[in-house]
Each structure stands twice: as C-alpha cells, then as structure tokens.
Amino acid sequence: MKTRSVLLLIFSCLLCATAVKAQNIDKNFADSLVKHFDYYRLKNPQSVLFAHFDKTVYTNNENVWFTAYLLNSDKSRLNDVLSTVLVKDNDHSIALEEKFVMADDIAFGNLFLPDSIQSGDYSFILYTNEIYNGKPANIFVRPITVKNTDEPPFQASLNLLDTDKFPADGKRKVRLVTSTKGTTIVSGATVSYYAGDKAHPFFSGQVKTDHAGQYVFSVPVGGVSTSNNVFEAKISFGKGSNTAQLVLPVYADVPQIKFYPEGGNLSDGVLSMVGWEAKNLAGAPLEMRGVLYKDDKPEDTIYTNSYGIGKFKLYPQMHSRYYLRPLGHNFKDSVYALPAIKFNQPVIAIEKAIANDTLNLIIRAKNTQKVFVVVHNFRNVFYDFETEATRRGKSVKVIMDELPRGIAAITVLDSLHRPCAERLFFAHFTHRNSLKINTDTDHYKKRQKVTVDLKLLNADGKVAGGLVSIACIQANRYEIKKAMDIESYCYLVDQIGRLPVKEQYMGTSGGDMKYLEDILLIKGWRRYTWPELVNAAPRDTLRREDTLFFSGALTRWGKPLKKPGNLLMFKDSSAIAFKTDATGRFIMTSEQLFTHEQKDVKLLANSGAGDEVKLTLNDPYEKIDDSLALNFHPFKTITRLPGGAAEDTENLLGTQRIIQLKQVNIKANKDDLTYGAAGIARENECGDYVCKFNILNCPNHRDDPANRPAVLGQTYIYMGNSYYRYAGCIIHEKQPAGSVIDTISGIHYSVEFYPADYSKFNPIAPEYVSTIYWNHLLKLSPASKNTVSFYASDIIGDFKIIVQGITRDDVVYGEKTFTVVK
C-alpha cells in the first residue's frame, strides 16, 4: 500500500500561487493510523453481494430469474451456496426458500411463484454460506411486487367513514364492503383483521359480515402511527377468500427537519455551507420553503427541492441563535434550531465533491491552527499530511491518481489527533465503463424477431470484455421505486445506505450531478464513525469464520449407534454410499447436495427387523432464514405528490383488491384454452412433461395446455442439450428399494431460460409473456461481435432491455427500450 505520498499533493495558499510543500504527520502516529485501518478493514469485510432480477413486478404462476454477483470477495474463502428466501413484507412470513450453486462468486437462480401466493409486497433476501460470528457475511435484499392474476370469487374493499383528524371517541370508522357479480350476498363470511404490524397488531380479531355483506370496524386512533398504519382484513366465504387493505391516515402537521453543516459542525465566525433535509413523519420528502432567523430577525428564505433537500450558506456567530420557521399554514407553530456553534472549529469547503482526477478543498478556522488531513476510503489510507486551517482559508489540491473509483473521505484532525471535520467525495466519477445497446429497429410487430448488438467500452473508450446478465421485459413490470442497478448499488447504496427514489442515481446530466452532490453533502458526516476506526485493535480481527453445512445423526431405539451406520444418498439418478461415525453422526458437504432443479436428495438407511431406526437432520439454513425474515426492514418507498402530500405506494399497490395486470388475459372460468382439456394428461407418472417447443420440463410452460407427457427413448431439449434422450423420471424419481428415512431439498443448478422460437413453432393461441428473454451470463468478447436475438410476444407496448454485470476491474450497467406494435 502506498501511503503518506506527498509527491502527488500540491498545496497553495489561497492568496497566492506559491506552492507549499506538505509535511507528513508524525511518523509514529501515521504508522499507527495505517495499522488501525488494516484492523478495521479485516473487521469489516468489503465484499458486496448483488443480484440482477429480471423485473420487479411478478404474478402468481410465473418464473423469477436472477443472476447474483459476489464482488470484491476474498477468493480464498468458500462461497459455494447462495440461499434465496422470499419474505412477505407485512408479516415477515417466508413464502419460498431455495438454495443454488455458486461458483467463482456467481450464482444463477430460478424460482417459480405458485398459484397460491398472495398479492402484496415481498422481499427476496439472498445470502451466501460464508458465516462470520454466526451471521451471514454477504446479504442482499431486493423488494418485489406480486399481483395475483386470478379473478377473486367476490370483491372486497375497505373505506373510511370519517375524515375527522381526531374523532371524538378516539376511534376511526372503517367499513368493509363485499360484493359478487351475481345476486349472491357475502353474508356471514368470516373476517380476520388486524391493524399495525401483523406480528404485533394493536387491533385485531375475527368477525362476521352482516346480512348486507358488510361490517364497520372501530379502529383506535391512539395506535396509529406512520410506521404502524396498515389495516388489513381477510374475508373467507365458502371455498373462496379475498383480502382488502387500507392505509389509515396519519394527521401530523409537523415536518421532520435536519441540518447538516458541511464537514459536520458550525464554527464561530467561519463561513459554512449547510445542507438541510425535510420529510414528513412517514418519511416522504417535503418540497418546502422556510425563513431562517438570527436572534428572532429574518435573515434569508431557504428552499428544499422535490427530494426534500436544500442548502444555504451561513456565517454563524457564537452568541447568536439561529432557527428555521417553515412557511405554510400547516407549519406556523414549528421552530427548528440549527446545531450548536463551536469555537475555532476547522471547517471543510468543497465546491465539487464529484471529482474526476483532482479534488479542490478549502480548510478554514477562525484562528490559524495546525491540522492533520487524512485521505482514505475507510479501507486504505492514501494520503496523510499536516497543514494549516486559516481564517481566509487554506486551499488544498489532491491529485487522485492513487485513489480507486468510488466514494472516499477527507477527515481533518486537530492537533491532538481528534476528528473535527469530515467530508465525502466521489473519485474518478466519469472514469467508468459504458455499454452500447443497439437494436435493429425501435419498433417491432408481435412475434417479430429482435436482434440486439452489445458493445462494452472501458473508461478509455476502447472495446473491452466482460460477463453480463440480460433481461428483456415488459416495461410496466419494472417499477423505478424498487429497481436496483449494479453500479449505483455498489458505489452508493452499499456505501451510504438507502437513497431517495430517483430514476438514475449516477447519471451525468446537470440534474443528476446536483442530486449526487446534495447526497454527498448531507449523508457524509453521519455515515462513518471515526472513533470505531481509530480504536480498532488486533482483537477485533479475531472472528469465528465458518461455512454452512448439513449434518445429521442415525439413532436406534432413540440412542446413539455403537458402531458406524450405513446410508445411501440418491440424487440425479445416482446412488452414493457413505458411513456415519461410530455414534451415528455425519456431515454432508454442500457439493454432495448439488443437484438439478426440481430434484430432491433422498437419504436411506437399512433397518433390520425389529429395529427402530431414526434419522435426524439439521438444516443450518432454516435458523438463519427465520432470523433474517424476522429482523429485516422492508423497503418503504414513498412517492412524492404535489403540495407536500405523501402517498404510501407500497401499500396502495398492495392487496386492497386483486389487480389483474392490464395485458394478462386469464379468464375466471377454467376453459380449455387456458387450462387444457379436462381428462387429458400433460405429464407422465414422474411429473415430466414436454412443451410445444419440444423442451423437457420447460420452466416457461409449466401449466401450458399444449404440454404432453415425456416418453421413454424420445429426444428433447434439456439443460441446453438439443439431443437429450429421455431415460425416465427427472422431477420425481421412483422409490428405490429400502426404507426412505428422509428427503432434503437439494442445492440446485438453475435451469436454462428457453425463449420462444416462432420460426420453428408458431402456436395459434396468444402468448402473453412479460419476460421474453433472459440470459444468466453472457461473455462479451472485445474481439468479436456480441449479438443476441429473440422474439417479441403478443403483448404490445414498451419493452425494456436491461444488461448488467462485471468487467476485469469494474461493474457495468445499461438499458435500452423498444416498442411492440400491432
């Protein structure tokens, strides 16, 4: 590591152009600082897990496709399993769980959302089997929306009956209304309801609808808050059910306002830039204005933008009082004091924190004083030096040749080496890869072939190579509020935390750059804890590192064995024999459980006559799944509305009623076109089927009426092999001889995505497919043309191509939109 280099640092006095030679920090302190950074880096692993999902909006009976990348990992550590858990946001229940094989820090995934899955907001929680101190070292959370396409047997809605901010009896009236298309009245239906957090509701119970199919609830207002304001009712009637949900109003006139002086503090008599942020109690950004007062006299009118962020300059005086009064009748009694003013505190000023090759900063203080400056990214120290903070300001120019691309920090220490100012900046912002995505036209007809050319350029504009995953999806299945791209996640979200919703976090337009400048100003000082870093010690690096593995035990008559037992493991049409230890215990490696999609691993033990043999299995993922599901915090995205109002779109797009997607045409009656002719088998005794494109167990056509049973000896397309001869039983193997003791869900290799090829087979029935192309991993070659092709489906409208992945030294992301017309 190169540290304390001064050859690349040029300091000049603000009042003259004479260069001043920098002085290194005291050698003993500098050496100690480097060691603490090393300890801190070892204590906090720097690997980043990210997954590219094909879209954000799914329906029941639909596939989910994703590719996961583990970035900046230590290749010496074993990450060979990726666990995927789908959690329902409102009650933290686990809807699905699957494990996939990870190789070379990349995993491919495919999950099927069953018909039974409810509509609502969900989150995929992904983690690898690398464990530190009992917890996963690498975790990634991706929010999605699920909408059920089945028409419910009856309609249900919740409506407010009162609009008073504070009802006299302290209870808010909510009416449940049910109805059917016919003359049937949903009378006497069972209604289970709750308000607040489903796991810990403040109001819950079970009632029956009246003779009109209605019920009026009295919800206590006292329990309602911005984080606890969902009212949900599940109605069960006959064999059918439906769910209605309502976001209860929270009337709070007082905005939440915070101030962020540049560098962290206001200093007496030193000009400072102050960022400020305004939100309502629900966390929605407030676009507002207010009057800044000094000693009860108005000084200035200041504003926030549509993201609830603003900034202003201030020349604070030690014995004066500064506060803000928001403008508007709703805020007339609100007063917000600025942070306390400190004496002779150094202040950092950076006009442009988004820097390419050079960063310019000014360090000011009321009285001239010696300060120490450290340039770092909380993993490595790149420069540390001594300089002065002056009343007029000392100008410092940092040439960033040694810094990697991304967020870094300037930390200023006083003469006693105590941190007194800190500022984030983004190094080499424009030094990035770019992906050129070109289609042969911008408009296609239904079922027309689409050809896409991909060209990856490095930061120098030269053609480069990389590995990318590609999705082509219906554009309205991609919600901006839940979208994530690999570049902004790795460089911003993983470093700073969740950000206000924006379409492009790392765009290069003037508005995009201003947004990022504001984020770096208000998110910097509170992001890191310097004392934690400088207090890091060797003991902090002593962590228990482990990997997850399955274990188990054989017992006879409830007691440990007295000699090794024999087990047979059946997987992928093969049998493996192994022994337990002398007491009947055994361990299975991840690799032993690797198997094809939809296949389980079966363990068998031979039991003698009269023997009571029992197998106990320990799945280490179950406990972690439950803990992650219980403790994660769902993304609560707020959409800005005019006039400072807020809408909780996560809830409004939830299960107030079952919403049929605009271009998904599924009838309520199970006719032959949708569900297949009654009595006609579409799979064999093993559950294996062949779709109309001659693909064995095609994941895109699990319930297609055109499917046919797989036949022994016939040749099909399977696992990328166009000449696979079917030998029988892929999904469910026939029971082998012996006593089956237990079954384990395997760690799966993901199946391939098979796009429709209408040049070979062009079915009459309409094909409403929202993901028309997916490629888990495509190698982009700098030496040849990179082209993919696929066909549009019968859905008309905009489609979005999303490409993201990794290069030799960075990540890459790109989008392209085209339109399908009639």
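The values are calculated or read from the model by the stated rules, or taken from the named source; none is laboratory data. Predicted, not measured: the structure shown is a model, and the values here were computed from it. Every residue, glycine as well, gets a Cβ built from its backbone with ideal geometry; the counts of neighbours run over all protein chains shown. Quick note on the areas: whole protein, heavy atoms, side chains included, nothing else; ligands and nucleic acids left out. Shrake-Rupley method; radii C 1.70, N 1.55, O 1.52, S 1.80 Å.
Looking only at the stretch 158-185, how many residues end up being in a strand (DSSP E or B) and open to solvent by 80 Å² or more (accessible area, probe 1.4 Å)?
2
Given the criterion more than 20 Å from W65 (Cβ to Cβ) and either at pLDDT 95 or above or touching an Asp or Glu at 6+ places or on another chain (Cβ under 6 Å) (or both), identify the matching residue among D512, D453, D460.
After applying the criteria, what remains is D453.
Does K370 satisfy being among the basic types (K, R), modelled with pLDDT under 95, assigned to a strand (DSSP E or B) and over 30 Å from Y505 (Cα atoms)?
Yes: the conditions hold for K370.
Mind checking which residues of the stretch 448-483 are more than 13 Å from T807 (Cβ to Cβ), of a type in the set (A, V, I, L, M, F, W, C), within 23 Å of the chain's Cα centre (by Cα) and buried (at least 21 other Cβ atoms within 10 Å of the Cβ)?
Those that are more than 13 Å from T807 (Cβ to Cβ), of a type in the set (A, V, I, L, M, F, W, C), within 23 Å of the chain's Cα centre (by Cα) and buried (at least 21 other Cβ atoms within 10 Å of the Cβ): I470, A471, C472, I473.
Determine, yes or no, whether V270 is crowded, with 21+ Cβ neighbours inside 10 Å and part of a strand (DSSP E or B).
Spelling it out, it is not the case that V270 is crowded, with 21+ Cβ neighbours inside 10 Å and part of a strand (DSSP E or B).
Cβ contacts < 7 Å: first residue open to solvent by less than 50 Å² (accessible area, probe 1.4 Å), restricted to the stretch 563-579; second residue of a type in the set (D, E) and part of a loop (DSSP other than H, G, I, E, B), any location; separation 6+ or different chain. Result?
If the second residue must be of a type in the set (D, E) and part of a loop (DSSP other than H, G, I, E, B), the pairs left are F570/E733.
Among the residues of the stretch 727-742, is any closer than 30 Å to L617 by Cβ, surrounded by fewer than 19 Cβ atoms within 10 Å (Cβ to Cβ) and at pLDDT 75 or above?
yes
Could you please let me know if T541 is open to solvent by less than 70 Å² (accessible area, probe 1.4 Å), of a type in the set (S, T, N, Q), within 21 Å of G746 (Cα to Cα) and at pLDDT below 85?
Considered against the rule, which asks whether it is open to solvent by less than 70 Å² (accessible area, probe 1.4 Å), of a type in the set (S, T, N, Q), within 21 Å of G746 (Cα to Cα) and at pLDDT below 85, T541 comes out as no.
If I ask for residues that are open to solvent by 50 Å² or more (accessible area, probe 1.4 Å) and of a type in the set (A, V, I, L, M, F, W, C), which ones from the stretch 408-446 would you list?
Result: L416, single match.
Of all residues in the stretch 200-247, count the ones that are of a type in the set (V, I, T) and part of a strand (DSSP E or B).
Within the stretch 200-247, residues that are of a type in the set (V, I, T) and part of a strand (DSSP E or B) number 7.
Out of everything in the stretch 273-291 that is out of contact with any Pro (no Cβ under 7 Å at 6 or more places or on another chain) and not in a strand (DSSP E or B), what residue ends up being most open to solvent (accessible area, probe 1.4 Å)?
Applying the filter and picking the extreme gives E287.
Within the stretch 120-169, take every residue that is out of contact with any Phe, Trp or Tyr (no Cβ under 8 Å at 6 or more places or on another chain) and among the β-branched types (V, I, T) and give me the one that is nearest to T190 (Cα to Cα).
Across the stretch 120-169, the extreme among qualifying residues is T149.
Across the stretch 340-392, what is the total count of residues that are among the polar types (S, T, N, Q) and free of Cβ contacts under 8 Å to residues at least 40 places away in the same chain?
Result for the stretch 340-392: 4.
Does A103 satisfy the condition of being out of contact with any Cys (no Cβ under 7 Å at 6 or more places or on another chain), open to solvent by 50 Å² or more (accessible area, probe 1.4 Å) and either among the polar types (S, T, N, Q) or closer than 25 Å to V207 by Cα (or both)?
Here the answer is no, as A103 does not meet what is asked.
Can you tell me which residue in the stretch 340-349 is nearest to N265 (Cα to Cα), limited to those that are open to solvent by 40 Å² or more (accessible area, probe 1.4 Å) and not basic (K, R)?
Result: A340.
Residue check: is R405 touching a helix residue (DSSP H, G or I) at 6+ places or on another chain (Cβ under 9 Å) and surrounded by fewer than 22 Cβ atoms within 10 Å (Cβ to Cβ)?
So R405 fits the description; yes.
Of all residues in the stretch 120-178, which are among the aliphatic types (A, V, I, L, M) and farther than 29 Å from A212 by Cα?
I125, L126, I131, A137, I139, V141, I144, V146, listed by residue number.
Conditions (1) touching a helix residue (DSSP H, G or I) at 6+ places or on another chain (Cβ under 6 Å); (2) in a strand (DSSP E or B); (3) surrounded by fewer than 21 Cβ atoms within 10 Å (Cβ to Cβ), marked per residue:
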residue	(1), (2), (3)
Q118	no, no, yes
Y122	no, yes, no
Y127	no, yes, no
V141	no, yes, yes
A156	no, yes, no
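Looking only at the stretch 221-267, filter to residues that are of a type in the set (D, E, K, R) and out of contact with any helix residue (DSSP H, G or I) (no Cβ under 7 Å at 6 or more places or on another chain); which one of those is least open to solvent (accessible area, probe 1.4 Å)?
E232
Quick check on my filter: what residues within the stretch 768-822 are under 22 Å from the mean Cα position of the chain (by Cα) and outside any strand (DSSP E or B)?
Within the stretch 768-822, S770, D810 qualify.
Residue-wise test of (1) of a type in the set (V, I, T); (2) modelled with pLDDT of 85 or more.
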site: K165; (1), (2): no, no
site: V174; (1), (2): yes, yes
site: T180; (1), (2): yes, yes
site: S192; (1), (2): no, yes
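Here is a list of conditions, (1) in a loop (DSSP other than H, G, I, E, B); (2) out of contact with any strand residue (DSSP E or B) (no Cβ under 7 Å at 6 or more places or on another chain), and V250 meets all of them except one; can you say which number that is?
The number of the failed condition is (2).
So which residues in the stretch 566-591 are assigned to a loop (DSSP other than H, G, I, E, B) and modelled with pLDDT of 85 or more?
T580, D581, A582, T583, G584, T589, S590
Can you find a residue in the stretch 77-100 that is open to solvent by less than 10 Å² (accessible area, probe 1.4 Å), in contact with a Gly (Cβ under 9 Å, 6 or more places away or on another chain) and either free of Cβ contacts under 8 Å to residues at least 60 places away in the same chain or on the phi > 0 side of the Ramachandran plot (or both)?
Checking the stretch 77-100: at least one residue is open to solvent by less than 10 Å² (accessible area, probe 1.4 Å), in contact with a Gly (Cβ under 9 Å, 6 or more places away or on another chain) and either free of Cβ contacts under 8 Å to residues at least 60 places away in the same chain or on the phi > 0 side of the Ramachandran plot (or both).
In the stretch 172-202, how many residues are of a type outside the set (V, I, T), under 25 Å from T226 (Cα atoms), in contact (Cβ under 8 Å) with a residue 12 or more places away in the chain and in contact with a Phe, Trp or Tyr (Cβ under 9 Å, 6 or more places away or on another chain)?
So the count comes out to 9.
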